[in-house]
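First up is the structure itself, then whatever we jot down about it.
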Amino acid sequence: MSCVVHNPNLFVITGGPGAGKTTLLLELEKHGAVCVAEVARQIIQEQVAADGDALPWSNREHYTGLMLGRSVAGFLEHCETSRLTFFDRGIPDVLCYARLIGLQEDKIWSACAQYRYNRLVFIAPPWQEIYATDSERKQTFAEAMETYRVMSKAYLECGYELIELPLVRALERAEFVIDKLRTGVAD
């Protein structure tokens, strides 16, 4: 049996695509937080540049494996920090993606159980007014809403408590997150 690694200083900001997560993280960095970039976008950019096939529109299984490996590596890189650290998506996001495309979950479940963030997870709901597609985000808004639904369920099944982010500007969202942490609702 693997040892559980837990750090209550590690927080996840999650949600469906195009919900303002990355913009919020940039704002939190301005407030002195350490922020860890989303691995899925990095993988897509690298695979496109290298003419690789580990892409959500090509070899989804390979893409999922890379996401899991990079998500665990990112967690381990920060697992001993005493600084407030926010992740643009966490390991349970890989579980969500696997569910959306119908892949096996066993290995992902093991990682979700072994590597534990703070019990509070901030989740960005679908926000049609800011939603846009780009070269890496090809999902429709309906797919973004379904991702949010599956994501919420995955995090809850992994034992996390979700705090839904308000549909407000990034600065106000950052203040909302900081206020939640100041009021002692985090473990």
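The values are calculated or read from the model by the stated rules, or taken from the named source; none is laboratory data. The model shown is predicted, which means the values in this text are computed figures rather than measured ones. When we count neighbours, we look across all protein chains shown, and the Cβ atoms used for this are built from the backbone with ideal geometry, even at glycine.
Would it be correct to say that Thr183 is closer than 25 Å to Arg60 by Cβ, surrounded by fewer than 16 Cβ atoms within 10 Å (Cβ to Cβ) and β-branched (Val, Ile, Thr)?
Working: closer than 25 Å to Arg60 by Cβ: no; surrounded by fewer than 16 Cβ atoms within 10 Å (Cβ to Cβ): yes; β-branched (Val, Ile, Thr): yes.
Considered against the rule, which asks whether it is closer than 25 Å to Arg60 by Cβ, surrounded by fewer than 16 Cβ atoms within 10 Å (Cβ to Cβ) and β-branched (Val, Ile, Thr), Thr183 comes out as no.
Scanning for something among the basic types (Lys, Arg), in contact with a His (Cβ under 7 Å, 6 or more places away or on another chain) and either under 14 Å from His6 (Cα atoms) or surrounded by fewer than 16 Cβ atoms within 10 Å (Cβ to Cβ) (or both), does segment 104-125 turn up at least one residue? Explain how you work it out, then say what you get.
So in segment 104-125, the residues among the basic types (Lys, Arg) come out as 107, 116, 119.
Then keep just the ones that are in contact with a His (Cβ under 7 Å, 6 or more places away or on another chain); that gives 116.
Right, trim to either under 14 Å from His6 (Cα atoms) or surrounded by fewer than 16 Cβ atoms within 10 Å (Cβ to Cβ) (or both) and you get 116.
Yes; the residues of segment 104-125 include at least one that is among the basic types (Lys, Arg), in contact with a His (Cβ under 7 Å, 6 or more places away or on another chain) and either under 14 Å from His6 (Cα atoms) or surrounded by fewer than 16 Cβ atoms within 10 Å (Cβ to Cβ) (or both).
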Original post:
Does at least one position in segment 49-68 carry a residue that is within 14 Å of the chain's Cα centre (by Cα) and in contact (Cβ under 8 Å) with a residue 60 or more places away in the chain?
Top reply: no
Original post:
Can you tell me which residue in segment 8-57 is farthest from Glu80 (Cα to Cα), limited to those that are of a type in the set (S, T, N, Q) and in contact with a helix residue (DSSP H, G or I) (Cβ under 8 Å, 6 or more places away or on another chain)?
Top reply: Gln47
Subject >> Close pairs (7 angstrom Cβ cut-off, 6 or more residues apart or separate chains): of a type in the set (Val, Ile, Thr) in segment 7-31, in a loop (DSSP other than H, G, I, E, B) anywhere >> reply: Val12/Arg89; Val12/Gly90; Val12/Tyr117; Thr14/Arg89; Thr14/Gly90; Thr22/Glu38
**OP:** Output the residue which, of all residues in segment 33-57 that are β-branched (Val, Ile, Thr) and part of a strand (DSSP E or B), is surrounded by the most Cβ atoms within 10 Å (Cβ to Cβ).
**Re:** Val36
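Which of the residues spanning segment 90-103 are part of a loop (DSSP other than H, G, I, E, B) and either of a type in the set (S, T, N, Q) or modelled with pLDDT of 95 or more (or both)?
Quick first cut of segment 90-103, residues part of a loop (DSSP other than H, G, I, E, B) only: 90, 102-103.
Within segment 90-103, just Gly90 meets the criteria.
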